[in-house]
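The values are calculated or read from the model by the stated rules, or taken from the named source; none is laboratory data. As the structure is a prediction and not an experimental result, all values here were calculated from the model. No Cβ is skipped: glycine too gets one built from the backbone with ideal geometry, and neighbour counts run over all protein chains shown. SASA here: full protein model, heavy atoms, side chains in, ligands and nucleic acids out. Shrake-Rupley method; radii C 1.70, N 1.55, O 1.52, S 1.80 Å.
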Amino acid sequence: MNCFSYPFAGWGTNEQLIIDILAHRNAAQRNSIRKAYHEAYGEDLLNCQLFEIFLETVCGYLLATKEEKRGNAEFLILRILLEKELTRDFERIVLLFTMDPAERDAYLAKEATKNSSGHFVLVEIACARSSNALLDVKKAYHACYKKSFEEDVAHHTSGDYRKLLVPLVSTFRYEGEESDMSLAKSEAKILHEKISDKKYSDEELIRILTTRSKAQLNATLSRYNNSFGSPINKDLKADPSDQFLKLLRSAIKCLTTSEKYFEKVLRQALGKSGTDEWAVTRVAATRTEVDMVRIKEAYQSRNTVPLEKAIAGDTSGDYEKMLLALIGAGDV
């Protein structure tokens with residue numbers, strides 16, 4: 001039977017088909033859709049303002065594959081996606097998730113340079129990605145925006161923020177598991193001295209945080225805690241209202257326990273003061289194929305409720321369904 005003869009039961013059902021298909025495509029498959037878009041329209045999806053055109057491309061891609069195993073549901077999307085507009089939050093998460101990871105981060109980075117609240121997104125990209133992934137982001141940024149990532153970060157920041165963020169996005173950390181305990185001892189002492197003197201942007205403190213491998217940093221910060229009786233992030237709360245100290249703490253948490261960092265982002269985004277849909281969307285789109293299982297574990301441990309329940313309580317409709325499909329995918 002031709003799939004176009006199937007009756008439609010309403011837009012909610014149709015959007016569910018989008019969720020069923022796109023939420024379960026890996027990065028390579030999603031990249032195929034992007035390539036099809038470029039071949040059909042001669043421009044990059046990142047620059048596309050008409051999401052409906054992108055959806056038409058998905059239709060063309062699915063039709064061109066002609067794989068029987070895709071089934072009627074996937075072919076039905078050819079008709080469905082041309083009929084209705086998507087809600088803004090749902091549209092945004094589908095678009096972000098469909099992007100190639102490096103170009104998605106390049107897009108997020110570009111948006112983050114536009115205001116100071118984006119400093120935390122820059123920290124996420126610089127600290128929660130592997131060295132090779134960060135290098136890929138820089139290449140994608142260069143290709144998309146005809147500037148270097150580092151150049152734009154330097155241009156849009158100043159003072160202590162520039163001193164921290166530029167070396168963070170410029171680094172290429174060693175990723176081995178080795179650590180030098182003698183070095184950990186000496187650098188823990190340096191960090192303690194600078195923090196005790198309130199020299200939070202001292203070049204030695206910045207050097208240690210922005211150049212050492214994650215394994216070495218974990219060893220240094222463990223030594224810091226054992227030698228001086230408190231975690232470094234606790235000592236960096238001397239002034240809770242200081243936004244630079246907050247950024248510094250975020251960088252350290254992102255580098256050492258990224259799942260706890262993203263748990264906090266989600267906890268705050270799903271808090272009592274109202275839902276921050278953009279933060280939830282960003283975490284779901286960027287972490288579902290990386291460490292979402294650990295983030296979910298951290299969330300339940302910290303909040304005593306599953307992340308799925310928190311999302312279901314603060315979001316609704318097809319946006320909620322897409323979020324739940326993504327966080328349920330786990331590590332790939």
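Tabulated values for the structure
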quantity: Candidate set from segment 88-102 (those that are part of a helix (DSSP H, G or I) and open to solvent by 40 Å² or more (accessible area, probe 1.4 Å)); member that is nearest to residue 290 (Cα to Cα); calculated: 101
quantity: Matching entry among 212, 207 (being open to solvent by 70 Å² or more (accessible area, probe 1.4 Å) and farther than 20 Å from residue 112 by Cβ); calculated: 207
quantity: Leading residue by the ranking (nearest to residue 259 (Cα to Cα)) among those in segment 282-301 that are part of a loop (DSSP other than H, G, I, E, B) and open to solvent by less than 10 Å² (accessible area, probe 1.4 Å); calculated: 291
quantity: Any chance residue 204 is of a type outside the set (Lys, Arg) and touching a Lys or Arg at 6+ places or on another chain (Cβ under 7 Å); calculated: yes
quantity: Residue count for segment 312-323, restricted to those that are within 17 Å of the chain's Cα centre (by Cα) and either closer than 12 Å to residue 267 by Cβ or at pLDDT below 95 (or both); calculated: 1
quantity: Counted residues, segment 268-281 - those being in a helix (DSSP H, G or I) and acidic (Asp, Glu); calculated: 1
quantity: Failed criterion for residue 159 (all others in (1) at negative phi; (2) in contact with a Ser or Thr (Cβ under 9 Å, 6 or more places away or on another chain) hold); calculated: (1)
quantity: Within segment 106-124, tally of residues that are over 14 Å from residue 152 (Cα atoms) and crowded, with 23+ Cβ neighbours inside 10 Å; calculated: 2
quantity: Qualifying residue in segment 236-245 (condition: part of a helix (DSSP H, G or I) and charged (D, E, K, R)); calculated: no
quantity: Unmet criterion (only one of (1) open to solvent by 20 Å² or more (accessible area, probe 1.4 Å); (2) farther than 25 Å from residue 186 by Cα) for residue 266; calculated: (1)
quantity: Residue tally, condition surrounded by fewer than 19 Cβ atoms within 10 Å (Cβ to Cβ) and touching a Phe, Trp or Tyr at 6+ places or on another chain (Cβ under 6 Å), over segment 157-175; calculated: 1
quantity: First in segment 98-123 and farther than 17 Å from residue 145 by Cα and at pLDDT 90 or above, second anywhere and among the acidic types (Asp, Glu) and part of a helix (DSSP H, G or I), Cβ under 9 Å, 6 or more apart; calculated: 118/111; 121/111
quantity: Scope segment 274-311; condition hydroxyl-bearing (Ser, Thr, Tyr), at pLDDT below 95 and farther than 22 Å from residue 127 by Cα; matching residues; calculated: 275, 304
quantity: Flag for residue 182 being at pLDDT 95 or above, more than 24 Å from the chain's Cα centre (by Cα) and open to solvent by 50 Å² or more (accessible area, probe 1.4 Å); calculated: yes
quantity: Residues being surrounded by 14 or more Cβ atoms within 10 Å (Cβ to Cβ) and either over 27 Å from residue 172 (Cβ atoms) or of a type outside the set (A, V, I, L, M) (or both) - total across segment 215-230; calculated: 8
quantity: Test: residue in segment 320-328 that is of a type outside the set (A, V, I, L, M), farther than 24 Å from residue 125 by Cα and open to solvent by 60 Å² or more (accessible area, probe 1.4 Å); calculated: yes
quantity: Pairs where the first residue, in segment 242-258, is assigned by TED's automatic domain parsing to the domain that holds residue 208 and closer than 18 Å to residue 297 by Cα and the second is aliphatic (A, V, I, L, M) and modelled with pLDDT under 95, C-beta under 6 Å, 6+ apart; calculated: none
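Yes/no per residue for (1) farther than 18 Å from residue 166 by Cα; (2) in contact with a strand residue (DSSP E or B) (Cβ under 7 Å, 6 or more places away or on another chain); (3) of a type outside the set (Asp, Glu):
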residue	(1), (2), (3)
186	yes, no, yes
203	no, no, no
212	no, no, yes
219	yes, no, yes
227	yes, no, yes
245	no, no, yes
